[in-house]
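None of the figures in this text is laboratory data; all of them are computed from the coordinates on show. Remember, it's a predicted structure, so these values are computed and weren't measured experimentally. Backbone-built Cβ (ideal geometry, glycine too); neighbour counts: all protein chains shown.
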């Protein structure tokens with residue numbers, strides 16, 4: 001006689017952390033341009049153990065004293081929702097928009113990449129820079145500094161190709177992003 005089969009029981013609780021995929025989201029946050037606002041926004045992330053993968057901030061409307069913060073962060077869908085809700089409750093925050101779920105958007109990043117090398121490596125670095133439409137913004141007999149703009153994936157690919165050719169330094173701006181279409185995060189600009 002065969003032993004009875006046991007049914008796999010399904011938990012009545014939410015799926016565990018291993019069962020939920022981590023997603024990357026781009027958040028656009030419109031804030032009052034006043035001292036301490038960025039510290040409060042970043043403090044919200046660090047105080048709860050959330051990671052920021054990219055952060056850019058700049059004043060976008062001088063007359064209305066508004067700045068735009070663009071944050072790329074990762075987490076489970078529940079964590080992303082918590083982040084958006086907690087950001088929306090901060091007093092200086094005027095609007096929070098998750099560009100990843102809002103609709104189509106355009107995102108770009110700028111990087112300065114320093115590459116040192118001679119002979120064939122130097123020629124190869126210039127050839128690859130041309131393919132990526134990177135501009136040489138500084139040149140010496142020993143090095144180049146390239147300026148490359150594009151998606152994070154494009155910047156990463158360019159850096160990966162420059163490593164074996166003598167990459168010695170890199171500086172990145174972080175992601176800047178805007179929703180496509182007619183609307184702005186705070187209405188019209």
* **Burial ordering of 61, 169, fewest other beta-carbon atoms within 10 Å first** => 169, 61
* To do: Could you quote the convex hull projected area for the stretch 106-176, Cα atoms only and averaged over all directions, in nm²?
  => 4.2
* Top mean-square fluctuation among 177, 157, 111, Gaussian network model of the chain, C-alpha springs under 10 Å? -> 157
* Asked: Can you give the translational diffusion coefficient of the stretch 140-189 in µm²/s, computed by Stokes-Einstein from the Kirkwood radius over Cα pairs at 25 °C and 0.890 mPa s?
  -> 178
* Asked: Tell me, 148, 115 in order of fewest to most beta-carbon neighbours within 10 Å?
  -> 148, 115
* Normalised by the residues of the chain, what does the relative contact order come to in percent, with Cα pairs under 8 Å and at least six apart? -> 25
* Asked: Most fluctuating residue of 88, 36, 150 in a GNM of the chain with Cα springs under 10 Å: which is it?
  -> 36
* For the pair residue 137 and residue 61, what calculated FRET efficiency results from E = 1/(1 + (r/R0)^6), where r is the Cβ-Cβ distance and R0 = 25 Å, to the nearest 0.05? -> 0.25
* Asked: What is the stretch 31-72's relative contact order, in percent, from Cα pairs under 8 angstrom and six or more apart in sequence?
  -> 43
* Asked: Thinking of the chain as a set of Cα atoms, what percent of all their pairs are more than 30 Å apart?
  -> 40
* Asked: Could you give the length gained on full extension between residue 39 and residue 147, defined as 0.36 nm per residue of separation minus the Cα-Cα distance, in nm?
  -> 35.9 nm
* Asked: Between residue 112 and residue 160, how many nm apart are label points set 7 Å from Cα along the C-beta direction?
  -> 2.6
